[in-house]
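Novice: Can you read through this structure? Questions will come right after.
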Amino acid sequence: MRLAMNTGDQWNHLKPSPAEFSLTGPDAGSAPAHNAAAVETRARHWAALLTGNDALRTSSLEFAEAMLVDWLKQSEEGIPWSVRTFPEAFQTTRFSNEVKAIENPTRFLKNVSYGLHSGDFSFFEAIERIGHGFAWDEKRLLQWKQGLENLEGMIGWLPSFTEAQDYLSAAFPLSRQDLDSARESLLDSIEEPHRFLEPSARSEFDERFAEFKRNYIDAYFLLHEDALHVTGGPGRDESRVDPVALRNLDMLSELQYTDKSCLNRVKLMAKWIRHNQCSLPLHQILEHYPRCYCNFNPHNPQPAGSAASINKVIQEGLEYFRTILRRCGHLIMLELKSQPIDDDSLKQITAALSDGPMIALKPQTIKTLNRIIARNSSGFLAEIRKAGETLKK
């Protein structure tokens with residue numbers, strides 16, 4: 001918004017001369033008015049322009065004056081004209097100039113309102129002052145009125161803007177290009193606060209912030225859950241420790257001569273997570289503040305701080321054990337042919353030897369495998385040593 005009006009002293013101490021009254025209309029300018037009817041017509045016309053009440057053009061002068069006095073009073077109420085009263089983001093030269101273009105005419109009209117109340121001048125003289133103030137330019141008057149409306153709307157919008165600015169300032173970059181770009185774009189728009197005088201700019205900012213906030217909450221929530229809340233919660237299986245895989249790792253770690261380090265790492269990681277479990281109502285918190293009160297920082301998670309990390313170590317451990325079993329698969333199958341084995345154990349061992357998913361192991365299956373390892377210890381020990389070197393890498 002750019003108001004095409006001067007902002008200097010021309011608004012102060014304007015005192016009309018009766019000879020300066022002029023006719024209304026596009027060619028009226030400041031031509032002298034030659035009769036009382038023309039003066040009244042112009043007074044009603046400008047009162048209608050100011051108040052936005054077209055009925056004043058045909059109303060009584062007393063009613064037009066009363067409406068003008070009421071409108072002037074309302075227009076001057078509740079506007080914190082000092083730019084210093086606006087948030088810090090609005091302390092720019094451009095915004096200050098835009099406000100002054102609205103402020104100075106309003107202060108002038110406040111003096112007109114006071115003069116009407118005090119009887120310093122009549123309704124006609126008040127209109128004459130107002131007309132001179134706007135150079136009898138109706139477009140300039142309407143521009144100022146629109147600017148005043150825009151400023152009042154912006155002032156009512158400031159609390160929600162302040163909340164949005166605080167949220168954006170405290171939000172973490174989440175290493176997601178769409179979210180981080182949206183955040184930076186919103187912060188950049190705050191650098192040009194004069195644009196928010198336009199309702200469309202405020203609406204656009206609100207819409208963009210609402211979309212960013214919605215996506216940010218979802219992203220932060222997933223990271224927080226993955227790192228600190230690895231149990232419970234429907235619909236979040238992808239960020240939970242796989243119980244079947246963990247149980248299988250625990251069972252396979254009972255095989256003779258094998259490395260137990262993966263299981264030990266998982267236990268240490270799980271201990272850290274249990275200690276740092278967060279049971280705060282995260283969604284409710286993120287609606288008002290972009291960080292959980294547990295101080296979770298997605299850019300500085302603990303090394304053991306996620307279900308995904310635990311699942312990765314579990315899979316590394318399972319692959320270590322399955323590699324040994326596959327390399328010794330011919331020994332295992334020969335033993336299984338020479339001794340009776342139940343169908344469940346056979347299915348479990350066959351799945352472990354394959355490249356596909358495992359099924360839940362049972363203690364009886366581990367006992368069977370340990371018997372086979374005991375009878376073929378040399379062959380197994382050689383493969384266990386090879387697999388152990390790979391695991392350390």
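Novice: Tell me which lysines have Cα within less than 25 Å of Lys100's Cα, excluding those fewer than 8 residues away on the same chain?
Specialist: Cα-Cα hits under 25 Å: Lys15, Lys73, Lys110, Lys139, Lys145.
Novice: Figure the gain on full extension for Gln284 and Leu158 (residue separation times 0.36 nm, minus the Cα-Cα span) and round it to one decimal in nm.
Specialist: Gain on extension, Gln284 to Leu158, equals 43.1 nm.
Novice: Between Asp343 and Glu254, what FRET efficiency follows from the Cβ-Cβ distance if R0 is 25 Å, with the result rounded to 0.05?
Specialist: 0.70
Novice: Between Ala374 and Lys312, how high is the FRET efficiency from 1/(1 + (r/R0)^6) when r is the Cβ-Cβ distance and R₀ = 25 Å? Nearest 0.05.
Specialist: 0.20
Novice: To continue, here is another question. Mind giving me the nanometre distance, one decimal, between the label points for Ala360 and Tyr293, set 7 Å out from Cα along Cα→Cβ?
Specialist: With each label point 7 Å from Cα toward Cβ, the separation is 3.8 nm.
Novice: Between Arg208 and Ala66, what is the label-point separation in nm under the 7 Å Cα-to-beta-carbon projection?
Specialist: Result: 4.9 nm between the two label points.
Novice: Among Gly356, Gln339, Gly329, flag the residue with its Cα farthest along the positive direction of the charge dipole of the stretch 322-371, charges on Cβ as +1 for Lys/Arg and -1 for Asp/Glu.
Specialist: After comparing all options, I get Gly329.
Novice: Moving on to the next point. Under 19 Å Cα to Cα from Lys312, which lysines show up? Leave out anything in the same chain fewer than 8 places away.
Specialist: List returned: Lys260, Lys267, Lys271, Lys392, Lys393.
Novice: With a cap of 14 neighbouring Cβ atoms within 10 Å, and only residues DSSP puts in a loop, list the trypsin sites (Lys or Arg not before Pro) found in the stretch 103-194.
Specialist: Of the trypsin sites (Lys or Arg not before Pro), the ones in loops of the stretch 103-194 whose Cβ has at most 14 other Cβ atoms within 10 Å are Arg176.
Novice: What base-10 log of the normalised intensity I(q)/I(0) is obtained for the stretch 99-197 from the Debye formula, alpha carbons as equal point scatterers, at q = 0.17, 0.24 Å⁻¹?
Specialist: Computed log10 I(q)/I(0) values: -0.84, -1.21.
Novice: Say each of Gln277 and Arg94 gets a label point 7 Å from the Cα, pointing the same way as Cα to Cβ; how far apart are those two points in nm?
Specialist: Placing both labels 7 Å beyond Cα along the Cβ direction yields 5.3 nm.
Novice: Would you mind calculating the gained length between Glu198 and Arg107 on full extension (0.36 nm times residue separation, minus the Cα-Cα distance), in nm to one decimal?
Specialist: Between Glu198 and Arg107, full extension yields 30.6 nm more.
Read the figures in this text as sums done on the coordinates, not as results from a lab. Computed from a predicted structure; not experimentally measured. Reconstructed Cβ throughout: ideal geometry from the backbone, glycine too, with neighbour counts over all protein chains shown.
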